[in-house]
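What follows is one structure encoded as structure tokens, with my remarks underneath.
The values are calculated or read from the model by the stated rules, or taken from the named source; none is laboratory data. This is a predicted model, so every value here is computed, not measured. Note: ideal-geometry Cβ built from the backbone for every residue, glycine included; neighbour counts use all protein chains shown. Heads up: the accessible areas ignore ligands, DNA and RNA and are worked out on the full protein's heavy atoms, side chains in. Shrake-Rupley method; radii C 1.70, N 1.55, O 1.52, S 1.80 Å.
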Amino acid sequence: MQRRQFLGLAALSVFGSALATQELFEQAQPRPAPKLYSANDNTLGQHFLSQFDLNSQQLQQQRVPMRGHAALALDQHSALLFGRRPAFESVRVNFKQGTIESFKPNQQRHFNGHGCLSADRQWLFTTETDYANQRGIIGIRELSSLKQIGEYLSYGLDPHDLQLLPDGKTLVIANGGLETHPDFGRRKLNLATMQPSLVYLDLSTGKKLAEYRLADRYLSIRHLTVSPQRDVAMALQYEGNLYQQQPRSLVAWQAAGSELKLLKIAPTDLAQLRGYLADLVYDPQQQLLVSATPRGHCVSIWSTASESFVQAIPLAEASGVSLGIEKASFLVSNSQGGLYTLRPRQSDYALHSLQTFPELSWDNHLLLS
């Protein structure tokens with residue numbers, strides 16, 4: 001990394017007050033129409049990034065050269081789409097111009113499906129695997145050019161998701177713990193020795209600030225959501241043999257400054273989730289986590305107040321979740337082209353169909369921007 005660029009990262013904390021002022025200014029401006037973003041495939045197996053306008057109910061699609069995983073909105077017209085592991089390409093899409101701009105990892109690296117921006121939105125951080133040296137990498141790029149200017153260690157294998165904490169200075173990384181190699185596709189090569197971890201990283205130096213591990217090493221830490229209070233929730237995927245033993249839970253929670261813990265769930269409730277959670281979102285007002293649970297064909301709801309599972313709502317191959325526009329609501333997608341709202345109904349929640357695109361299969365993430 002060049003010294004000028006490194007100093008730019010190291011100076012991020014200086015922007016705190018300026019960013020706060022900018023946020024106050026932006027809050028006073030008319031808010032643009034809310035849009036949903038998700039990767040999807042069609043019945044021909046072609047890959048797309050889609051933008052759905054919740055006001056007009058209009059869908060815009062841009063064909064992309066790889067299967068996408070998570071999206072990251074940049075403005076009302078453009079977004080990033082990160083390739084699904086193992087991916088050697090990700091893209092920036094401009095829906096207004098109908099263009100895509102591809103960017104690739106360095107040699108002997110592949111993308112792992114997620115990325116995030118620095119607080120000043122000048123730098124892009126991507127989860128990657130250095131498969132030649134069997135180590136996790138966080139790629140660092142200028143957002144404007146998408147040129148890579150450096151990288152950090154993730155201090156674990158298989159970094160999948162990463163998020164910027166509200167302090168603007170710290171990255172939290174979900175190291176899934178799995179060893180893979182492009183020669184073997186998505187095959188998992190180290191199940192007997194896998195070691196997932198949650199790592200906190202100093203954004204300006206790449207120094208590891210803290211590391212946490214679950215007692216059950218077969219619980220791969222995959223997806224993250226962060227609250228304004230710096231709490232971190234994790235969607236887990238079980239890599240053990242479900243026929244021999246069930247895990248204790250599939251959601252982990254770390255209140256800011258506290259230890260990592262699993263949320264409680266009864267064995268009968270856990271069994272229907274089939275060892276796999278996908279997308280995850282948190283509503284701090286209700287203290288609820290909502291996760292798409294595709295193998296269990298449901299949307300699962302968890303309470304951080306009681307630190308326990310609440311209920312599962314049936315939905316075939318649920319794919320993505322996000323916070324909704326209305327208070328206490330959520331948005332949900334599934335692989336059969338459905339978009340739904342999830343709203344309170346007396347003592348529980350219910351799904352309501354918003355729109356269906358039967359020719360589309362939504363991928364595992366849904367972003368509201």
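So the values come out like this:
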read-out: Given charges at beta-carbon only (K, R positive; D, E negative), |dipole| of the chain in Debye; value: 420
read-out: Virtual spin-label span in nm between Leu59 and Ser145, 7 Å along Cα→Cβ; value: 3.8
read-out: Isotropically averaged projected area of segment 57-100, using the convex hull of Cα atoms (one quarter of hull area), nm²; value: 3.2
read-out: Residue-wise HN-Hα coupling along segment 138-151, computed from phi with Karplus coefficients 6.51, -1.76, 1.60 (Hz; x: Gly, Pro); value: 10, x, 10, 9, 6, 5, 4, 9, 6, 7, 6, 10, x, 7
read-out: Over segment 180-296: Rg over Rh, Cα atoms, Kirkwood Rh; value: 0.98
read-out: P(r) histogram, all alpha-carbon pairs of the chain included - 20 Å bins from 0, percent; value: 29, 63, 8
read-out: Cross-link pairs Lys147/Lys169; Lys104/Lys147; Lys35/Lys147; Lys35/Lys96; Lys169/Lys207 - those with Cα-Cα distance over 19 Å; value: Lys147/Lys169; Lys35/Lys147
read-out: Stokes-Einstein D for segment 276-341, Kirkwood Rh over Cα pairs, 37 °C, 0.692 mPa s (µm²/s); value: 282
read-out: Difference of contour (0.36 nm per residue) and Cα-Cα distance, Leu44 to Ala215; value: 57.3 nm
read-out: Segment 136-185: proportion of alpha-carbon pairs further apart than 13 angstrom, %; value: 66
read-out: Label-point separation, His297 to Gln122 (7 Å along Cα→Cβ), nm; value: 5.2
read-out: Gain upon complete extension [Ser369, Thr356; 0.36 nm per residue less C-alpha separation]; value: 2.7 nm
read-out: Shape call, segment 230-369: gyration tensor on alpha carbons, a/c limit 1.5; value: oblate
read-out: Solvent-accessible ranking of Tyr131, Tyr218, largest area first, probe 1.4 Å; value: Tyr218, Tyr131
read-out: Accessible-area composition of the chain, carbon plus sulfur, in percent [1.4 Å probe]; value: 48
read-out: Highest-MSF residue in the chain out of Leu191, Leu49, Leu178 [GNM, Cα springs under 10 Å]; value: Leu191
